[in-house]
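Okay, so here's the structure we're looking at.
The values are calculated or read from the model by the stated rules, or taken from the named source; none is laboratory data. These numbers were taken from a predicted model, which means no experiment stands behind them. Here Cβ is always computed from backbone atoms with ideal geometry, including for glycine, and neighbour counts include all displayed protein chains. These area figures cover heavy atoms from the full protein model, side chains too; ligands, DNA and RNA do not enter into them. Shrake-Rupley method; radii C 1.70, N 1.55, O 1.52, S 1.80 Å.
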Amino acid sequence: FFFKLKTAYEILSGLVGSEMCIRDSSKTVSQYLNSSMVKPGAVVIDVREQHEFAVGHFSGAIHIGKGVIERDIEKHDFAETDKLILYCGGGFRSAIAAKSLQDMGYSDVVSLWGGWRSILAEGLETTK
């Protein structure tokens, strides 16, 4: 059988500006992460490559690379209703990963637009 593969542009054009992709210029990354939009117990997932994560990451984030997230997400004890906040370097990889998780049935997934660069720019707590 055949199916049409979507380009990254086709996927992202439907995500940016949606509720799944947090891109609100009135809120900084730190305002979002500290806001009432984030439920207590929310899980922050860094979807960058392992070597990027090892150099530094948001404190408290766990690592599940974008390339394996569909396979490895179930190794963790997350309910499909848990708030999952994904980030990458700038927002593209995490948007694609968030879409994949939504397609798998996770209902409260967001991609943090600006990602690691915004976390650093806003001086949020990071860990190496």
- Computed from the beta carbon distance with a Förster radius of 22 Å, FRET efficiency for Leu124 and Asp77 to the nearest 0.05 stands at 0.30
- Around Ala97 (Cβ within 9 Å, Cβ-to-Cβ, excluding Ala97; K/R +1, D/E -1) the net charge comes to +2
- Leaving ligands, DNA and RNA out of it, rank His51, His63 by accessible area with a 1.4 Å probe, largest first. His51, His63
- Ordering of 107-117, 67-77, 91-101 by burial proxy (mean other Cβ atoms within 10 Å per residue, highest first): 91-101, 107-117, 67-77
